[in-house]
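Here the structure is laid out as structure tokens; the discussion comes afterwards.
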Amino acid sequence: MNILDRIIGAVAPRAALSRVRARTALKVLMNYDAATPGRRGSSWKPNATDADSAAWGKRNRIAFVGRDMVRNTPLAARVQTVVANNVVGDGILPKVVMGTGRVTFARGKASSMKLTGTAKSLSDAMARHLGTTDIDAEGRNTLSGLQRLAINTVVDSGEVLIRRRPRLASDGLALPFQLQVMEPDYLDVMRDGWLDNGNRVRDGIEYDQIGRRVAYWMFKEHPGATYRTLSLNLTSARVPASEVIHVYRQDRPGQNRGVSWFANIAMALQDLSDHQDAQLLRQKIAACFAAFRVPAEDEDDNADPSDLSETIAPGRIQNLGPGEDIKFAEPPGVQGYDEFKRSVLRDIASGIGLTYEALSGDLSNVNFSSARIGRLEMDRAVSSWQWQMLIPQMMDPIARWVMDAFDTVNGTTTRRAMSIAWVPPHRMLVDPEGEINMSRNKVRAGFTSRSEIIRGFGEDPDEVMAEIMQDNADADLNEMVFDSDARRVSLSGVVQSVTPEIQSEPKEDANAKNAAE
């Protein structure tokens, strides 16, 4: 304590103690460079807001910027395409499995078995409904198309809403409901405050007294539709949360809405696009000036120049007047531009979670090892977007809607006996031969199952097994032997002299029979 603290302490001990505590805390804080104010940290914007308050009033603008960039900036459209191609691809496919465990439901690791009875009926209904445009309220997409539409919206707008639209049995659908994918603009963000029932509405989402989502306040039409510009009748209605799916990437605890994935790369994308446009314009202007005519020193300013054609052709001979000269233009070079662009693209790719090669399509400086390592890291990001966002937030609720609709139509209770698992699209192999050999060795060593390997390639183990059995039966019927038939040809390509038969008798009965003989 200094002299001033001692004087204050004699009069007001509590105030003096507060001064000492504050000074001590400040000394501790100043030990961190990032906490030191000054010129080097002048560009930081530290604040104590929660996740939603940090984006309040700015979320929509960032989404509008993201959509504009997708429309007009090729690299932004590439970001969206690469994310959708890897997360959704040809579609995250449903599969009926027996059992109701959470692990089985989320990861699709149930044991393979042939579907019969109610499970077969459910699988057929899903094929007729989810695999056709019947699932789309607008009649344009299958479920795979809606998945792609949803992830595209999550990337540019930060979030997407999916609403269940109940339908009548007379509509002729295999399952009496459809899905409507909606942009977050449908949320009435002006709805904010406490309700008479004690619930709280924030950003158009209604929460009960313990923080659970109970409803969404949504416009009946998109507020940005051109046919609504002259209409003032834009009102929102309360939609129960059980009828709405809200998909977004949660980056902070307590975050209730998403932010466009372009938020941290928008400036870099726009600066690179502007720089590229400036370089192109520079070269176009330079190319317009092919040559310059230098007049004679004694030429009258009003005299007509010699006939210098505006077209330069190969082998052309141009006659010049006395004292005239021609100097050809030297267009400016673009030294260092490629390296600068690659550097910016690497920052953009890392900011979104992709590899530079996937974003740019540039494979000129890539070898197998670097491509594989980069792809492994990107695969982890893609897997997290699938299993931590799209599948639990979108696909699992759709599965519950499917089973509810099926039970309503058939009077069954499917959740007690079965569930729906999801099979993501297979990832492309960087080294097909090496990775397939590794997968085979893992199965032979007992580290995993064939079904798990097959699921990793985005295929249904039951369907693959059925196709193999059919192929083997056809080959046996026609007395044909293929190298792919492990029953008849060894891994080294040697034809087996005797095809091992599956023992149909129990081991004990077979031993007793042999002893009797």
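The values are calculated or read from the model by the stated rules, or taken from the named source; none is laboratory data. Model, not experiment: these values are computed from the prediction. When we count neighbours, we look across all protein chains shown, and the Cβ atoms used for this are built from the backbone with ideal geometry, even at glycine. The area values use the complete protein model at the heavy-atom level, side chains included, leaving out ligands, DNA and RNA. Shrake-Rupley method; radii C 1.70, N 1.55, O 1.52, S 1.80 Å.
Things to note:
- Some residue of the range 354-375 being in a helix (DSSP H, G or I), polar (S, T, N, Q) and either in contact (Cβ under 8 Å) with a residue 12 or more places away in the chain or surrounded by 13 or more Cβ atoms within 10 Å (Cβ to Cβ) (or both): yes
- Filtered by the rule that a residue be out of contact with any helix residue (DSSP H, G or I) (no Cβ under 8 Å at 6 or more places or on another chain), more than 21 Å from V96 (Cβ to Cβ) and buried (at least 16 other Cβ atoms within 10 Å of the Cβ), the range 429-477 gives N472, A475.
- For V382, the test of being of a type in the set (V, I, T), within 19 Å of A84 (Cα to Cα), part of a helix (DSSP H, G or I) and open to solvent by less than 50 Å² (accessible area, probe 1.4 Å) is passed.
- Within the range 401-416, the set of residues being loosely packed, with under 14 Cβ neighbours inside 10 Å and either at pLDDT 90 or above or in a loop (DSSP other than H, G, I, E, B) (or both) comprises G411, T413.
- Residues considered: I420, I398, I348. Of these, the only one that is under 23 Å from G131 (Cβ atoms), assigned to a helix (DSSP H, G or I) and either open to solvent by less than 20 Å² (accessible area, probe 1.4 Å) or among the small types (G, A, S) (or both) is I398.
- Taken together, the residues in the range 182-219 that are part of a strand (DSSP E or B) and open to solvent by 30 Å² or more (accessible area, probe 1.4 Å) amount to 6.
- Inter-residue pairs, beta-carbon under 7 Å, first surrounded by 11 or more Cβ atoms within 10 Å (Cβ to Cβ) and in a loop (DSSP other than H, G, I, E, B) and in the range 478-495, second modelled with pLDDT under 70 and not small (G, A, S), 6+ apart: V481/V495; R487/T499; R488/V495; R488/Q496; R488/T499
- Q147, sole failed condition from (1) surrounded by fewer than 20 Cβ atoms within 10 Å (Cβ to Cβ); (2) out of contact with any His (no Cβ under 9 Å at 6 or more places or on another chain); (3) modelled with pLDDT of 95 or more: (1)
- The range 124-162, residues that are basic (K, R) and more than 28 Å from R78 (Cα to Cα): R128
- Residue within the range 155-169 that is surrounded by 21 or more Cβ atoms within 10 Å (Cβ to Cβ), among the polar types (S, T, N, Q), in a helix (DSSP H, G or I) and on the phi < 0 side of the Ramachandran plot present: yes
Per-residue answers, yes or no, for (1) more than 24 Å from A76 (Cα to Cα); (2) at pLDDT 75 or above; (3) under 28 Å from the mean Cα position of the chain (by Cα):
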position	(1), (2), (3)
D298	yes, no, no
P305	yes, no, no
L320	yes, no, no
F328	yes, no, no
D347	no, yes, yes
D362	no, yes, yes
S369	yes, no, yes
W385	no, yes, yes
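- Test: residue in the range 405-413 that is of a type in the set (D, E, K, R) and under 13 Å from the mean Cα position of the chain (by Cα): no
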